[in-house]
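*Asks:* My questions all concern the structure below.
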Amino acid sequence: MRPQENPGVLSLGVPVFFDRTGRRWRRVLITWLTLAILATVYLAVVVPDALAPIQNQLGNTSSSLPKEITARLRQGALPELSEGGNAPLTQVAQVRRDGSQAYLIEPFSGQPIRPLEEWEYELVGDSEYVIDRTGAIPEKTLMLTFDDGPDPTYTAAILDVLSRNGVPATFFSIGENVVKHPELVARIIREGHMIGGHTFTHADFYEHDAVWDRQELIVTDHVIRAAGDYATSIWRVPRGDPAQKPLAVLYGQQLGYMQIDFTYDLLDWAYAPGQDMHATALPPLDGMGHVALLHDGGGDRSGTVVMLQRLIDEARNQGYSFSTLAPILPAARQPVKNIGPTLADRSVLGFFQGILVLPEHLLYFLFWFAVITMTSLYVLYLGLALVNYHRYQRYRYLSADPDRLISVVVPAWNEEGVIEKTLDSVFGSTHRNLDVIVVDDGSSDATLELLRAYERRQPGLRVLTQPNSGKAVALNAGFAAARSDIVVTMDGDTIFERQTIGVLARRMDEAGIGVVAGVVKVGNRDNLQSAWQEAVRLRRDHSLSTGAFAMVLARTIPGALLSNILTMWQSVDYVTGIGVTRMAEAQLGAVAIAPGCCSCWNRNAVLLAGGFSHDTLAEDCDMTLNFRRLGYRVVQEPRAIAWTEAPATIRQLSKQRLRWSYGNTQAFRKHWRMVLNPRYGWLGMLVLPYAMLSLLVPLVFMPLMVLSFFISVSNGNWESIALFALFVAGSHFIVACAAVAMLKESWWHLLFVPVYRLVYEPLRVYLLYAGMLRILMGRNYGWDKLRRTNSVHAPTAEPAVQTTVA
């Protein structure tokens with residue numbers, strides 16, 4: 001009888017996430033287009049301001065001029081002129097000569113600075129440019145400056161020392177450290193200290209082009225303004241010695257920044273980390289005013305903290321007072337508080353926090369979140385699986401009735417290459433009284449012809465046919481035609497071991513059981529061996545020469561090796577997923593999916609639930625959850641083993657897993673009221689919430705995780721990532737060992753555990769976003785089965801024998 005002649009069993013709902021109107025995808029596109037337009041407008045407004053100089057530039061603003069000037073300089077340090085004493089304010093000045101007279105001019109604006117005195121003229125010689133120093137420091141005044149911070153450990157400790165002693169100071173801060181620790185910038189300002197820039201990355205100006213070098217200063221200015229509500233036009237060349245680095249001074253000078261040198265180097269940068277500075281003599285103070293150089297970042301500065309207290313004590317003993325740079329700065333160079341950062345300032349800070357801060361914090365959070373959750377779940381699931389395994393070893397089964405009729409339903413669509421082997425395994429079962437129904441779902445190949453021929457020689461088989469309508473419809477047709485109240489389901493490419501049908505069915509007599517889930521294993525994981533055997537057969541049958549044999553191997557072995565890696569990867573996935581995860585869920589009474597390719601169902605319960613639904617691509621998951629909602633038990637039977645053909649190409653694997661992932665997501669959405677519902681026990685309180693979180697959390701965080709990964713690696717922070725990878729691989733290895741032992745599988749699986757994530761992570765990214773795209777598009781998706789290659793090798797039945805006819 002044709003399926004359409006069996007009313008009352010088909011449950012064809014509207015597919016979950018299907019959008020009849022098509023408006024959802026249009027709304028998504030409009031939303032993205034609107035966001036893209038807003039982002040473009042925002043960038044058009046902000047980017048020019050973010051890249052443009054902030055301070056008042058001098059006359060000639062050509063970005064190439066500083067390099068043109070330095071190209072004309074002689075090698076070696078520029079001559080240095082000073083208005084007297086220790087003058088730390090430095091600029092590059094051009095020497096103009098007019099007969100016997102010479103004077104200094106500003107090279108960008110052309111404005112005169114001052115005439116040269118006779119001794120200065122002799123010192124300058126024929127040099128075209130000089131370093132001009134100004135800003136005489138009052139006697140016995142010590143201006144402490146700290147470079148390379150802020151640092152959460154050492155800057156905070158130094159501020160504590162300064163606060164205890166009532167000493168003001170100036171901090172020349174690196175822009176990327178300001179981005180990472182804006183709270184320290186706020187504290188520095190709040191406690192009365194001064195801040196200047198020290199470039200964004202502690203840059204060497206001779207290693208980059210003009211655009212990069214200028215932005216080192218401009219970006220640092222932006223982030224200080226945004227982090228501290230503070231404007232400053234002073235800065236210090238990284239690693240000091242401006243006379244040797246005129247290009248850096250010129251870039252800052254052209255952009256309107258004043259370079260501040262030091263006159264008293266405490267040499268704290270020269271000490272090895274942890275080296276004791278207590279016994280080290282401080283450089284002598286000579287009674288003159290000085291700008292002192294110390295560091296609050298860039299390394300281990302614990303010794304600097306010790307040195308600072310000694311310096312303060314000794315300087316005060318010698319009559320020194322302390323000050324910021326304020327007394328020597330011109331009025332126009334005094335930093336300004338409470339400036340009100342611009343949109344560009346805040347945007348630059350936010351952008352770099354997104355690159356430098358968020359990835360680090362996100363990786364830290366995700367690292368510990370993953371470690372804690374994975375460890376907890378691995379320990380919990382592994383412990384539960386072992387308990388369940390030992391329970392099954394002592395389990396007392398009810399006596400099975402060898403004469404009991406068992407129906408077997410096989411939905412089939414284009415299975416000509418494998419259907420006969422599948423049926424051979426069914427009729428080779430140790431349980432003989434079978435009612436086998438194959439529902440051909442409008443196959444376009446020779447499947448139906450092969451089935452009719454098999455039906456003629458095997459009375460225990462009934463073949464039904466229907467127009468192509470999908471797997472759920474085919475299953476419902478088979479259940480409607482079944483003559484037993486116990487129905488075993490399998491796929492057209494699956495091979496059962498001899499005991500499988502019997503051990504599945506014997507559990508159905510236990511109270512309250514609605515479905516028994518079997519164990520599915522990969523049956524085509526020896527493709528490399530098969531390719532070798534085929535090549536050897538060709539050599540033997542066709543007397544191939546050594547060269548021809550080598551060519552056959554060159555054509556077949558690489559592809560077989562790749563497919564073998566993929567199928568073995570899937571075998572590891574099946575073994576750990578079923579051997580540990582589902583065994584643990586079974587111990588909790590929380591099995592969420594009874595695989596349609598190897599399960600035994602209470603037929604009356606299926607009919608009561610309305611049959612398999614057409615509104616998800618995971619009809620087995622959907623029906624399993626339906627059974628739980630109806631109050632039926634779902635159990636696992638580890639002795640019921642089926643062998644299936646796993647995809648051997650990346651494309652086929654992606655298609656299959658996308659169908660599974662999308663179908664399961666549909667089922668979880670359909671039964672979302674079960675989540676965190678104590679009525680459904682551990683299924684509602686643990687298994688389903690974890691399944692949904694494993695979809696939602698990566699969906700949100702995966703782009704940030706990938707970005708964080710590449711940024712961290714590019715910044716040299718690969719240790720934590722490597723540690724996490726080792727932790728994941730080690731945990732998976734322990735789980736795989738247990739799963740292999742419990743399922744009595746090959747220990748060769750453990751060789752693939754170290755590379756498991758190399759396939760899993762890219763595949764997971766694809767599944768998450770391809771599935772989300774399907775949801776947003778709201779289209780309907782069909783069975784989309786894989787092409788079978790008849791490559792399953794498994795312990796199976798002997799050739800089919802005559803069975804009892806129902």
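The values are calculated or read from the model by the stated rules, or taken from the named source; none is laboratory data. Please read all numbers here as calculations on a predicted model, not as lab measurements. Note that each Cβ is placed from the backbone with ideal geometry, even for glycine, and that neighbours are counted across all protein chains shown. For the accessible areas, the whole protein counts, side chains as well, though only heavy atoms, and no ligand, DNA or RNA atoms are used. Shrake-Rupley method; radii C 1.70, N 1.55, O 1.52, S 1.80 Å.
*Asks:* List pairs: first in segment 451-474 and within 15 Å of Ile419 (Cβ to Cβ), second assigned to a helix (DSSP H, G or I) and small (Gly, Ala, Ser), Cβ under 6 Å, 6+ apart or cross-chain?
*Replies:* Listed pairs, sorted by first residue: Leu464/Ala477.
*Asks:* Residues being not polar (S, T, N, Q) and not in a helix (DSSP H, G or I): count how many of those fall in segment 13-62.
*Replies:* Selection size over segment 13-62: 14.
*Asks:* Which ones in segment 644-666 are open to solvent by less than 20 Å² (accessible area, probe 1.4 Å) and either in a helix (DSSP H, G or I) or of a type outside the set (Gly, Ala, Ser) (or both)? Break it down stepwise before answering.
*Replies:* First, pick out the residues of segment 644-666 that are open to solvent by less than 20 Å² (accessible area, probe 1.4 Å): 644-647, 653, 656, 658, 662-663, 666.
Scanning segment 644-666 gives Thr644, Glu645, Pro647, Leu653, Gln656, Leu658, Tyr662, Gly663, Gln666.
*Asks:* So which residues in segment 132-183 are open to solvent by less than 40 Å² (accessible area, probe 1.4 Å), at positive phi and at pLDDT 95 or above, if there are any at all?
*Replies:* Asp148
*Asks:* Would you pick out the residues in segment 115-127 that are open to solvent by 60 Å² or more (accessible area, probe 1.4 Å), among the charged types (D, E, K, R) and in contact with a strand residue (DSSP E or B) (Cβ under 6 Å, 6 or more places away or on another chain)? Outline the logic, then answer.
*Replies:* Step one: of segment 115-127, the residues open to solvent by 60 Å² or more (accessible area, probe 1.4 Å) are 115, 117-119, 121-123, 126.
Checking which are among the charged types (D, E, K, R) leaves us with 117-118, 122, 126.
Answer for segment 115-127, where residues must be open to solvent by 60 Å² or more (accessible area, probe 1.4 Å), among the charged types (D, E, K, R) and in contact with a strand residue (DSSP E or B) (Cβ under 6 Å, 6 or more places away or on another chain): there is none.
*Asks:* Right, here's the next one. List every residue pair whose Cβ atoms lie under 7 Å apart, where the two residues are 6 or more positions apart in sequence or sit on different chains, the first residue falls within segment 2-29 and is within 30 Å of Val606 (Cβ to Cβ) and at pLDDT 90 or above, and the second residue, located anywhere, is open to solvent by 30 Å² or more (accessible area, probe 1.4 Å) and β-branched (Val, Ile, Thr).
*Replies:* Correct list of pairs: Phe17/Ile775.
*Asks:* Could you run through segment 505-537 and say how many residues are more than 20 Å from Pro647 (Cα to Cα) and at pLDDT 70 or above?
*Replies:* Counting residues in segment 505-537 that are more than 20 Å from Pro647 (Cα to Cα) and at pLDDT 70 or above gives 16.
*Asks:* What's the total number of residues in segment 302-337 that are among the basic types (Lys, Arg) and either more than 24 Å from Pro152 (Cβ to Cβ) or open to solvent by less than 20 Å² (accessible area, probe 1.4 Å) (or both)? Write out each step before concluding.
*Replies:* Let us first name the residues in segment 302-337 that are among the basic types (Lys, Arg), namely 310, 316, 333, 337.
With either more than 24 Å from Pro152 (Cβ to Cβ) or open to solvent by less than 20 Å² (accessible area, probe 1.4 Å) (or both) added as a condition, the list becomes 316, 333.
Matching residues across segment 302-337 total 2.
*Asks:* With the structure loaded, tell me whether Asp493 is of a type in the set (Asp, Glu), crowded, with 24+ Cβ neighbours inside 10 Å and farther than 19 Å from Thr624 by Cα or whether it fails that test. Walk me through it before giving the result.
*Replies:* On the way: of a type in the set (Asp, Glu): yes; crowded, with 24+ Cβ neighbours inside 10 Å: yes; farther than 19 Å from Thr624 by Cα: yes.
Yes, satisfied.
*Asks:* Restricted to segment 538-567, and to residues that are hydroxyl-bearing (Ser, Thr, Tyr) and modelled with pLDDT of 70 or more, which residue is surrounded by the most Cβ atoms within 10 Å (Cβ to Cβ)?
*Replies:* Among those residues, the one meeting the criterion is Thr567.
*Asks:* For Tyr392, which of the numbered conditions (1) modelled with pLDDT of 90 or more; (2) at negative phi fails to hold?
*Replies:* (1)
*Asks:* A further question on this structure: Taking only segment 425-440 into account, find how many residues are at pLDDT 95 or above and of a type in the set (D, E, K, R).
*Replies:* Within segment 425-440, residues that are at pLDDT 95 or above and of a type in the set (D, E, K, R) number 2.
*Asks:* Go through (1) in contact with a strand residue (DSSP E or B) (Cβ under 9 Å, 6 or more places away or on another chain); (2) at pLDDT below 95 and name the single condition Arg457 misses.
*Replies:* (1)
*Asks:* Step by step: first the residues of segment 698-754, then only those that are in contact (Cβ under 8 Å) with a residue 24 or more places away in the chain and among the aromatic types (Phe, Trp, Tyr), then the one that is nearest to Pro359 (Cα to Cα). Which residue is that?
*Replies:* Phe709
*Asks:* Look through Gly297, Gly289 and report the one residue that is farther than 21 Å from Ile188 by Cα, at pLDDT 90 or above and not basic (Lys, Arg).
*Replies:* On the way: Gly297 fails: farther than 21 Å from Ile188 by Cα.
Only one candidate passes the filter, namely Gly289.
*Asks:* Scan segment 435-444 and tell me whether some residue there is surrounded by fewer than 19 Cβ atoms within 10 Å (Cβ to Cβ) and assigned to a loop (DSSP other than H, G, I, E, B).
*Replies:* Kept after step one, since they are surrounded by fewer than 19 Cβ atoms within 10 Å (Cβ to Cβ), are these residues of segment 435-444: 442, 444.
Next, only the ones that are assigned to a loop (DSSP other than H, G, I, E, B) stay: 442, 444.
For segment 435-444, residues surrounded by fewer than 19 Cβ atoms within 10 Å (Cβ to Cβ) and assigned to a loop (DSSP other than H, G, I, E, B): present.
*Asks:* Does Asp213 qualify as being in contact with a strand residue (DSSP E or B) (Cβ under 7 Å, 6 or more places away or on another chain) and of a type in the set (Asp, Glu)? It would help to see each step written out before you state the result.
*Replies:* Details: in contact with a strand residue (DSSP E or B) (Cβ under 7 Å, 6 or more places away or on another chain): no; of a type in the set (Asp, Glu): yes.
No; evaluated as a whole, the condition is false for this residue.
*Asks:* Suppose we filter Gln94, Gln55, Gln75 for residues that are free of Cβ contacts under 8 Å to residues at least 40 places away in the same chain and either within 29 Å of Ile328 (Cα to Cα) or touching a Cys at 6+ places or on another chain (Cβ under 8 Å) (or both); which single one remains?
*Replies:* Working: Gln55 fails: free of Cβ contacts under 8 Å to residues at least 40 places away in the same chain; Gln75 fails: either within 29 Å of Ile328 (Cα to Cα) or touching a Cys at 6+ places or on another chain (Cβ under 8 Å) (or both).
Every option except Gln94 fails the conditions.
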